[in-house]
Amino acid sequence: MTRKLVLALVLICCTALPAVAAGDFKIAYIDLQKALNQSEAGKAAKEKIAQRVKEHETVFDGRQKELKKLKDDLEKQALLLSEEARGAKQRDFDQRLKEFQRATKDAQEEVQQKDADYTRAILEELSKVIQDFGAREGYAMILEKTESAVLFADAKFDVTDSLIKAYDASRKK
């Protein structure tokens, strides 16, 4: 896949040499990760995710303390309880532990899904801004800066900050 992408880029660049020589072929790149992290929408999304994680942590810290207390009580009373009572308490503890683990996993999945939803929405909006920006500024191509696709790019071709500003401005309208 990467070879095909690199080959396609090389072919595009080779076929565009006459246009480059004429000086009307502009290429730029954007660091989408930076745009996601530094745009106002990205910062707001990260804040919402962090708040949700904090809410989950508050709930789970309480439940974890409760489980620890149950386990400590079970260990302290192990010799005093009958085998049947000890087994019942152990089953109760095991059931609560499973519920806690399931709830923790569900919370993690919820946070990951919300993060993916926010990211997808921001990228959709950002894509439109990139299209408009590229057309308005006369770029023939705007690439995404990833380590696997762009091996080297001079910083003067980085339009990330300009696109972040354009994106933030488009959201205020």
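Here are the numbers:
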item	result
Flag for residue 154 being within 25 Å of the chain's Cα centre (by Cα) and farther than 28 Å from residue 54 by Cα	no
Enumeration of residues in the range 154-164 that are over 9 Å from residue 28 (Cα atoms) and either loosely packed, with under 15 Cβ neighbours inside 10 Å or among the acidic types (Asp, Glu) (or both)	154, 155, 161, 162
Test: residue in the range 47-66 that is touching a residue at least 24 places away in the same chain (Cβ under 8 Å) and more than 33 Å from the chain's Cα centre (by Cα)	no
Pair list, Cβ < 6 Å and 6+ apart or interchain, from the range 134-146 residues that are farther than 16 Å from residue 32 by Cβ to residues that are part of a strand (DSSP E or B) and among the basic types (Lys, Arg)	none
Meets criteria (closer than 25 Å to residue 40 by Cα and assigned to a strand (DSSP E or B)) for residue 143	yes
Which numbered condition residue 149 fails, given (1) surrounded by fewer than 15 Cβ atoms within 10 Å (Cβ to Cβ); (2) in a helix (DSSP H, G or I); (3) of a type in the set (Gly, Ala, Ser)	(2)
Sole residue being charged (D, E, K, R) and over 27 Å from residue 144 (Cβ atoms), chosen from 47, 55, 40	55
Hey, residue 111 in contact (Cβ under 8 Å) with a residue 60 or more places away in the chain, closer than 25 Å to residue 58 by Cα and hydrophobic (A, V, I, L, M, F, W, C) or not	yes
Subset of the range 134-146 (residues that are surrounded by 13 or more Cβ atoms within 10 Å (Cβ to Cβ) and of a type in the set (A, V, I, L, M))	140, 141, 142, 143
Matching helices (runs of 4 or more DSSP H) fully within the range 1-108 where at least 2 residues are exposed (fewer than 12 other Cβ atoms within 10 Å of the Cβ) and at pLDDT below 90	2-15, 17-22, 40-77
Test result for residue 122, in a helix (DSSP H, G or I) and either in contact with a Ser or Thr (Cβ under 8 Å, 6 or more places away or on another chain) or on the phi > 0 side of the Ramachandran plot (or both)	yes
From 131, 113, residue being of a type outside the set (A, V, I, L, M), surrounded by 10 or more Cβ atoms within 10 Å (Cβ to Cβ), at pLDDT 90 or above and over 22 Å from the mean Cα position of the chain (by Cα)	131
All positions within the range 110-134 that are among the aromatic types (Phe, Trp, Tyr) and in contact with a Gly (Cβ under 9 Å, 6 or more places away or on another chain)	118
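The values are calculated or read from the model by the stated rules, or taken from the named source; none is laboratory data. Values in this document were obtained by computation on a predicted structure and should not be read as measured data. Backbone-built Cβ (ideal geometry, glycine too); neighbour counts: all protein chains shown.
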